[in-house]
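The values are calculated or read from the model by the stated rules, or taken from the named source; none is laboratory data. Bear in mind the structure is a predicted one, so any value in this text is a computation, not a measurement. With ideal geometry, Cβ positions are generated from the backbone for all residues, glycine too; neighbour counts draw on all protein chains shown.
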Amino acid sequence: MTTKPWHSWSGAIGLALVFVALFLPGPPPKTDATAAALVANLVKHRTALVDGIPIAAVGVMALLLFFGVLAETLARHTGAPAFAHAAVIGGVVGTLLIFVGMVLFSGTAFRAAGMGDQALIRATVDTGNMLIETGKYGFAVLIAATCVSVSRTELLSRRMVLAGAVAAVILVLSTIPPFLADSGVGQFGGGIDVLGGIPGFAWIIGLSVQLAVRPACS
């Protein structure tokens, strides 16, 4: 079976679209934001929140295609179908958690803002933040499973494998402070939360590009 390079570009394209949609309304809401500030932000960015959902949906479709390409590539080159399946499951779970969290902001949270129930607004926004944050765990599994499965092959360089291992650890570690901190750099939407995802998602984009530029093989 031949894996066509254009299929592999879907990973980079999909993640790019998801993150364009995620940050289209501006910075993510923070834990220490007041209910009044959350309402104002939701109303102000309502159009961007809604417009971002179709963009994210196309990104999700592209990512699902990429996960299939990745699973087939890993199984064919490494003979490790278990890790290929783990990578796909991790990617799918991570993608869906992020997408559902975005839908909460675009629909449920805005509706709660219209009702004026501050407790409901706070709970809805916190739930959306937690869903998006826990999506990192799925992507960490994708990266880790990929790195383990290719560690004894020439599919990826040793440097790429080591970078992936580090990125997966950073993804997981960056999820801890937001669940503990109510303010500052560690809160949801803070520096650790946002910056902690960059290495992992950049690695997945790099993986997509590397698979795309490899000559098609049977």
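Note on the range 146-162: among residues that are among the small types (Gly, Ala, Ser) and at pLDDT 90 or above, the one that is nearest to ARG214 (Cα to Cα) is SER157. The requirement of being closer than 19 Å to THR34 by Cβ and not polar (S, T, N, Q) is fulfilled nowhere in the range 143-166; no residue meets it. Taken over the range 10-40, the residue count meeting the criterion of being over 23 Å from LYS136 (Cβ atoms) and either outside any loop (DSSP other than H, G, I, E, B) or among the hydrophobic types (A, V, I, L, M, F, W, C) (or both) is 5. Sub-6 Å Cβ pairs linking a first residue in the range 127-139 that is under 17 Å from GLY186 (Cα atoms) to a second residue that is of a type in the set (Ser, Thr, Tyr), at least 6 apart or interchain, are GLU133/THR175; LYS136/THR175, ordered by first then second residue.
Within the range 140-197, count every residue that is aromatic (Phe, Trp, Tyr) and either over 19 Å from PHE19 (Cα atoms) or free of Cβ contacts under 8 Å to residues at least 12 places away in the same chain (or both).
1
Taken over the range 193-215, the residue count meeting the criterion of being in a helix (DSSP H, G or I) and either over 15 Å from the mean Cα position of the chain (by Cα) or within 15 Å of GLY14 (Cβ to Cβ) (or both) is 14.
So, in the range 151-184, exactly how many residues are assigned to a helix (DSSP H, G or I), over 28 Å from LEU131 (Cβ atoms) and over 22 Å from the mean Cα position of the chain (by Cα)? Adding up the residues that qualify gives 2. Pairing each residue of the range 22-49 that is farther than 19 Å from GLY186 by Cα with any residue that is in a loop (DSSP other than H, G, I, E, B) and of a type in the set (A, V, I, L, M), provided the two are 6+ apart or on different chains, yields C-beta distances under 9 Å for ASN41/ALA33; HIS45/LEU24; ALA48/LEU24; LEU49/LEU24.
Matching residues to (1) assigned to a helix (DSSP H, G or I); (2) in contact (Cβ under 8 Å) with a residue 40 or more places away in the chain; (3) under 19 Å from the mean Cα position of the chain (by Cα):
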residue: ALA75; (1), (2), (3): yes, no, no
residue: PHE83; (1), (2), (3): yes, yes, no
residue: GLY94; (1), (2), (3): yes, yes, yes
residue: GLY101; (1), (2), (3): yes, no, yes
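Looking at the range 10-24, is at least one residue surrounded by fewer than 19 Cβ atoms within 10 Å (Cβ to Cβ) and modelled with pLDDT under 85? Within the range 10-24 (the criterion being surrounded by fewer than 19 Cβ atoms within 10 Å (Cβ to Cβ) and modelled with pLDDT under 85), the answer is no, since none of the residues qualifies.
Residue-wise test of (1) closer than 20 Å to TRP9 by Cα; (2) surrounded by 20 or more Cβ atoms within 10 Å (Cβ to Cβ).
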| position | (1), (2) |
| --- | --- |
| LEU63 | yes, yes |
| LEU74 | yes, yes |
| ALA82 | no, no |
| MET102 | no, yes |
| THR127 | no, no |
| MET130 | no, no |
| PHE139 | yes, yes |
| ALA165 | no, no |
